[in-house]
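Please read the structure below before turning to the comments.
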Amino acid sequence: MLSLSPADYDAIWLSGKVATVAVAGSLPVGFAVAYLMTYLKFRGRLLMEVLITLPLTLPPVVVGYFLLLLLGKKGWLGPLLESAGIRLIFTWKAAVIASAVVGFPLLVRSIRIGMESIDSQLIQASRTLGAPWYDTLFTIILPLSFRGILAGSSLMFARSLGEFGATIIVAGNIPGVTQTIPLAIYEYASSPTSETMALSLCIVSVCMALGILFLHEVLGRKLSQRR
Amino acid sequence: MEIRMVVEKSFGKFALAADFTISGKQIGIFGESGSGKSTLVGLLAGIHHPDRGEVFLDGECLFSSIKRTNVPAEQRRIAMVFQHPNLFPHLSVRSNLLYGFKRCAENNRSIGLESLVGVLKLENLLQRGVNNLSGGEKQRVSLGRAILANPRLLLMDEPLSALDDTLKLQIIPYLKIVSEQFRIPYLFISHSLVEMRLMTDQVLVVANGSIVDQTTPDQLARARMGESRVGYINLLKLAAPRRVDGLFAYRWGEGELLISAGNDEAEAVFEISSKDMILFKRHPEAISARNLFRCTVVDIFMVGNQVGVEVSCGSQKLVAEVTKQAVRELEISEGGELYLAIKASAFRRLS
């Protein structure tokens, strides 16, 4: 039987909120970056590609530490944020930023795969039919890369739900404030009497992941049937 | 319409260098695969940019590396029909057709959806998705989409090469009718001599990234007679068939041609190879070929070891291919008279 405390429900709610905001916030940027890297040739493209993929290869704790250096009170952007009255570290917003940075490469890669699968002659046809680049972007590239966007969003959402290392560094593990499911499981696992609670959250975690995968498949199939 | 191009473009090891001016309404670009035809039209349409040079259309500079001018593809009003239809898979037939139309300035809209769908016979397809159309239907939609963009020039980049012979025969009349009815000049790209002769009246010949000749499609076909396995292809537009003993008899000048591949359509285009014709010095006593005409030699031309003999049968002309030895033995000379025999089964119907 599932045994969930009010703090666990908070953790589940917060996990969903963090993942949703991280994906929603990253989507426009991820789409723009994927577009740049798929269709434009520019100096520093290789460097940009490496930097975007870097969080995927680094230990999340390292990503979290860099975020702390960047956003912390004495960090590179800390004074600027403080003067603007923005406090990020040890808030749920920091968890969003950590999730966004760690999941961003997955989002961009999936959208790029979607864009690269579009026949370049469709884009050429659109241009010769009188569509400027931005028109082609919204009427051809965006709808035809929708499967990639969907796949990237699902992957990033799932990755965000499981994010631990970077989140614990920048957001801490404050129940009801920044404690997401993985952090709650970590806390339960540290205590020998909370095995059932840990297992319950693990089951919730598995169910959420399965739900996302099912949703992704159903939407993907509906999209295929429409074409 | 006048096109002036002085361009250089390199892709890896391939280099294109072209310098030509051509005027007309039905222009062809002929060349083997990889010769640079598509690159050339890509430079004209604005989907590629020359490394150096200038591109003019009717005196308007579309690209100049010296003046740093580059009119974007969407502002050139040069629509393209590609080898593959390239229909937008997420849009219906109707939305595909209207894609260019909606983006065309109102004062340039002289062709509307209603007039076009009738000509291309697309009325029953408008609400359908594009993915379950047949190959011929897709190419008709693609052609209609380009025409509805109301372009000042239509580029057709091997629009028939992805289709099988039957579908080609279905599409060729549409290409002709649409361009003639809506008076849109076009540039037709192909490696097929027959398509060149059916679609164009002037041809630029491209080989290894250069323009090597500017000629008429007929002259090109004669020059290539020796290289082609089927020789020179005579094209005949015939009308008013009637059935005769299981064959179709078409009026041809003052006489009739008996053809086994005919049909009951009022008009049809046939091809007949120069190699499928037999010349006789005198009237043969008996012959199995169903078509025998008395004719006059109007031209003799040499292509390699073969000789092309153009003969006139009344008001109609055909080119037969013979050997040098046959020319000597039959004493063929310009103005001389011969008999020409063609089997009824040697004709191939194109449309």
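So, R0 is 22 Å and r is the distance between the beta-carbons of residue A:221 and residue A:138; what FRET efficiency does that work out to, to 0.05?
The computed FRET efficiency comes out at 0.35.
Considering the convex hull of the alpha carbon atoms of segment B:2-223, report its projected area averaged over all viewing directions, in nm², one decimal.
So the mean shadow area of the Cα hull is 12.2 nm².
How high is the relative contact order of chain B, in percent, with contacts defined as C-alpha pairs under 8 Å that are six or more residues apart?
Relative contact order, chain B: 16 percent.
Which whole-number percent is the relative contact order of chain A (Cα, under 8 Å, 6+ apart)?
32 percent.
When only C-alpha pairs under 8 Å and at least 6 residues apart count, what is the relative contact order of segment B:233-349, in percent?
Dividing the mean separation by the residue count of segment B:233-349 yields 32 percent.
In the protein assembly as shown, with Lys and Arg counted as +1 and Asp and Glu as -1 at Cβ, which of these residues, B:97, A:94, B:286, has the Cα nearest the positive end of the dipole, that is, farthest along it?
Toward the positive end, the furthest listed residue is A:94.
What is the spin-label model distance, in nm, from residue B:201 to residue A:47 if the labels are put 7 Å beyond Cα along the C-beta direction?
5.9 nm
Using DSSP to define loop residues, name the trypsin sites (Lys or Arg not before Pro) in segment B:255-336 whose beta-carbon has at most 10 other beta-carbon atoms within 10 Å.
Answer by residue number: B:282.
Enumerate by residue number the GluC sites (Glu not before Pro) in segment B:4-103 meeting two conditions: DSSP loop (anything except H, G, I, E, B), and at most 14 other Cβ atoms within 10 Å of the site's Cβ.
B:32
Where the eigenvalues come from the Cα gyration tensor of the protein assembly as shown, what are the semi-axes √(5λ) of the equivalent ellipsoid, largest first, in whole Å?
69, 26, 20
For segment B:95-184, what is the Kirkwood estimate of the hydrodynamic radius, computed as the reciprocal of the mean inverse distance between distinct Cα atoms, to one decimal in Å?
13.4 Å
Which order do B:276, B:299 fall in if you start with the one that has the fewest other Cβ atoms within 10 Å?
B:299, B:276
So what's the back-of-envelope 222 nm ellipticity for chain B, counting only DSSP H runs of four-plus at -39500 (n - 2.57) apiece and dividing by all residues, rounded to 500?
Estimated from H runs of four or more residues: -6500 deg cm²/dmol.
Obtain the nm distance between the two label points defined at residue B:134 and residue A:40 by a simple spin-label model: each point lies 7 Å from its Cα along the Cα-to-C-beta direction.
About 4.6 nm separates the two model spin labels.
Consider just the alpha-carbon atoms of segment A:6-226 and return their Rg together with their Dmax, both in angstrom.
Over segment A:6-226's Cα set, Rg and Dmax evaluate to 19.7, 69 Å.
Which far-off residues, 5 or more places away or on another chain, put their amide H under 5 Å from the one on residue B:298, with H placed in the peptide plane?
When sequence neighbours closer than 5 places are left aside, the close amide H contacts are B:310, B:311, B:312, B:335.
Sort A:73-82, A:155-164 by packing, meaning the average of other beta carbons within 10 Å per residue, with the highest value first.
A:155-164, A:73-82
When the convex hull of the Cα atoms of segment A:1-96 is projected onto a plane and the area is averaged over all directions, what value comes out in nm²?
The directionally averaged projection comes out at 9.3 nm².
Give me log10 I(q)/I(0) at q = 0.16, 0.18 Å⁻¹ for segment B:188-255, Debye formula, one equal scatterer per alpha-carbon, no solvent.
Here log10 of I(q) over I(0) equals -0.67, -0.77.
Given the Cα-Cα distance of residue B:235 and residue B:164 and 0.36 nm per residue of separation, how much length would full extension add, in nm?
Gain on stretching residue B:235 to residue B:164: 23.6 nm.
Is there a quick way to get the dipole size of the protein assembly as shown? I mean about its Cα centre, with the Cβ of Lys and Arg at +1 and of Asp and Glu at -1; what is the value in debye to the nearest 20?
Roughly 860 debye, rounded to the nearest 20.
Give the residues of segment A:1-17 whose amide nitrogen is closer than 14 Å to a point set 7 Å from the Cα of residue A:203 in the direction of its Cβ.
Label zone hits: A:1-5.
For segment B:233-349, compute the orientation-averaged projected area of the C-alpha convex hull (one quarter of its surface), in nm².
With every direction weighted equally, the projected area is 7.0 nm².
Quick note: the coordinates plus some simple rules give every number you see, no bench work behind them. Not measured: the values here are computed from a predicted model. Heads up, the Cβs are rebuilt from the backbone with ideal geometry, glycines too, and the neighbour counts pull from every protein chain shown.
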